[in-house]
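> After the structure tokens below, expect a handful of questions from me.
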Amino acid sequence: MSADFWNSSQHNKWQLTRHSLLESRRRLLLLERKMIQNGLIKDFNVAYDYNMRIYLHNLIIKLGRRLNIRQVALASAEIYLTRFLTRVLLKEINVYLLVTTCLYVACKIEECPQHIRLIILEARNLWPEYIPHDVTKLAEFEFYLIEEMDSFLFLHHPYRSLLQIRDFLIENQAVYGFTLNDDELQNAWSLINDSYITDLHLLLPPHIIAVTSIYITIVLKKHLSAIRGRNEGAVPGQKPDSSTMHIDDLMTLANPKDTTQSEPGLKSQPVELEGTNFQDMKLDEDTIKINRFMNFLDHSHINLDEVVEAMQDIINIYVIWNRYNEGTVKKTLQMMLLNR
């Protein structure tokens, strides 16, 4: 355990590179083929893709809400699940029992423990056909989970970094000239929640993900407003609402035909959207805040390449989420688990 991320097991043992993560998953695919050829598992059409990850993310949230579990414990459970599935095949396990076990262990580590019988009861209420009555099955899976993670369980989350940045900006308002308001803080918090669907928490430090969530909330909000303002089919006479983030706007940003520069704002360069030059726009409150935020980034020595990387992964999640079909994923899992 370490109060410092840079000396923690999360950084030293479980911060991977994209290459090493791809290599781990490639080895799993090779293992899967061998096990299918040897008749150890059946060849079901089940894959650990982003549709499956969105589904598992929703399962954790659903069970967590029934137990009134706080967000940090839910986030820890998601990281445990992601780590576990870098070493174990999805087709080998009961994913519903995995979700329940990850949440059970996360609650212990985050000091909001749930009784094993209670968590089994609530999980059975949600998924009666997949969760056994026997609590020892969950206890056995707990040891399996901990073993595959090499007993490294303590985590550092971007939520803490987000609050630290918020407090730093308040303390240094005279220097940087802006702070995060409650709506911006909530938007950034929500983006961090959704980032757990991705691999970012295995690849990047927590503060990078926190800064990315602020970046999307503050910098892109201006661009989102401009995109909304020229969308076809807009209600005549109705001004676009720039106070909230929408999935459709993030999808528009992810579409290269809408922008001439893939990372608007990071280099403080003009960004053109179909003839609209943001450098020529009137300096309103949002634009001033963007400039001040970019000044803060310039002085922070944060790795902007990592911010771009994280931003693209988060935006891609919303693109995939827009096409997500829960029924299809649920049906494929049902066929696998009930026909083994």
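> Right, Glu111: without any contact (Cβ under 8 Å) to a residue 12 or more places away in the chain, within 26 Å of the chain's Cα centre (by Cα), farther than 30 Å from Leu297 by Cα and surrounded by fewer than 20 Cβ atoms within 10 Å (Cβ to Cβ) or not? It would help to see each step written out before you state the result.
Working: without any contact (Cβ under 8 Å) to a residue 12 or more places away in the chain: yes; within 26 Å of the chain's Cα centre (by Cα): yes; farther than 30 Å from Leu297 by Cα: yes; surrounded by fewer than 20 Cβ atoms within 10 Å (Cβ to Cβ): yes.
Judged against the criteria, Glu111 is a match.
> Based on what the data block shows, is Leu118 buried (at least 20 other Cβ atoms within 10 Å of the Cβ) and either touching a residue at least 12 places away in the same chain (Cβ under 8 Å) or outside any helix (DSSP H, G or I) (or both)? Outline the logic, then answer.
Working: buried (at least 20 other Cβ atoms within 10 Å of the Cβ): no; either touching a residue at least 12 places away in the same chain (Cβ under 8 Å) or outside any helix (DSSP H, G or I) (or both): yes.
Taking the combined requirement at face value, the residue does not satisfy it.
> Related question: Just one of Leu138, Leu162, Leu145, Leu155 is surrounded by 15 or more Cβ atoms within 10 Å (Cβ to Cβ), touching a residue at least 40 places away in the same chain (Cβ under 8 Å), in contact with a helix residue (DSSP H, G or I) (Cβ under 7 Å, 6 or more places away or on another chain) and assigned to a loop (DSSP other than H, G, I, E, B); which is it?
On the way: Leu138 fails: assigned to a loop (DSSP other than H, G, I, E, B); Leu162 fails: assigned to a loop (DSSP other than H, G, I, E, B); Leu145 fails: assigned to a loop (DSSP other than H, G, I, E, B).
Step by step, each of Leu138, Leu162, Leu145, Leu155 is checked, and only Leu155 is surrounded by 15 or more Cβ atoms within 10 Å (Cβ to Cβ), touching a residue at least 40 places away in the same chain (Cβ under 8 Å), in contact with a helix residue (DSSP H, G or I) (Cβ under 7 Å, 6 or more places away or on another chain) and assigned to a loop (DSSP other than H, G, I, E, B).
> Additional query: Go through region 6-89 and tell me which helices (runs of 4 or more DSSP H), entirely inside it, have 3 or more residues that are crowded, with 17+ Cβ neighbours inside 10 Å.
Working: elements: 9-12, 18-37, 50-66, 71-84.
Answer list for region 6-89: 50-66, 71-84.
> Quick one: Asp150 ticks every box in (1) farther than 18 Å from Arg66 by Cα; (2) without any contact (Cβ under 8 Å) to a residue 24 or more places away in the chain bar one, so which box is it?
Just one mismatch for Asp150, condition (2).
> Okay, moving on. Does Asp182 count as modelled with pLDDT under 95, surrounded by fewer than 14 Cβ atoms within 10 Å (Cβ to Cβ) and not assigned by TED's automatic domain parsing to the domain that holds Met52? Can you show your working first?
Working: modelled with pLDDT under 95: yes; surrounded by fewer than 14 Cβ atoms within 10 Å (Cβ to Cβ): yes; not assigned by TED's automatic domain parsing to the domain that holds Met52: yes.
When the stated conditions are applied, Asp182 passes them.
> How many residues does region 320-329 hold that are in a helix (DSSP H, G or I) and under 21 Å from the mean Cα position of the chain (by Cα)? Lay out the reasoning, then the answer.
From region 320-329, those in a helix (DSSP H, G or I) are 320-322, 326-329; that's our starting set.
Now restrict to residues that are under 21 Å from the mean Cα position of the chain (by Cα): 320-322, 326, 329.
Selection size over region 320-329: 5.
> I would also like to ask the following. Failed condition for Ala73, given (1) farther than 17 Å from Pro113 by Cβ; (2) touching a Gly at 6+ places or on another chain (Cβ under 9 Å), with all others met?
The failed condition is (1).
The values are calculated or read from the model by the stated rules, or taken from the named source; none is laboratory data. Remember, it's a predicted structure, so these values are computed and weren't measured experimentally. Cβ: placed from backbone, ideal geometry, glycine included. Neighbour counts: every protein chain shown.
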